[in-house]
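First up is the structure itself, then whatever we jot down about it.
Read-outs: derived from the displayed coordinates by stated rules, not from any lab. Here the structure is a predicted model, which is why all the values come from computation and not from measurement. Cβ sites come from the backbone with ideal geometry, for glycine too, and all protein chains shown count toward neighbours.
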Amino acid sequence: MGGWGADAIAEVFLHDVDPLVAAENERFQGVPGGGMFSEPWPLDSWPQVPTRVLIPRDDRLFPLDFQRRVARERLGLEIDEMAGGHLPMLSRPRELAQRLAELAAAE
């Protein structure tokens, strides 16, 4: 991703984000740190805490089927789905907050 231009970033991350919201959040955008995709998970196993996996259906970076497979293989969990792309906190903040509150209340 370090070599992606603004158009590629927008296509993958911001395709469903209101342009005004995206513009206001540009100051937080940047290339991920070098270890983000190369360093291993630092724990031997997932902590013993209630865990749910909430996935936006239209995520272009991590497609739904990929995330479903990873959640099953690595966590032994099925996913919960919601509408939206990779950044639901920008494109659907109210819906995301509602879904998180519902999932927390169900535990």
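Quick notes on this one:
- Qualifying residue in segment 5-14 (condition: among the hydrophobic types (A, V, I, L, M, F, W, C) and part of a loop (DSSP other than H, G, I, E, B)): yes
- Scope segment 22-31; condition part of a loop (DSSP other than H, G, I, E, B) and surrounded by 10 or more Cβ atoms within 10 Å (Cβ to Cβ); matching residues: Asn25, Gln29, Val31
- Segment 4-21 - residue that is loosely packed, with under 14 Cβ neighbours inside 10 Å and small (Gly, Ala, Ser) and, of those, nearest to Pro56 (Cα to Cα): Ala8
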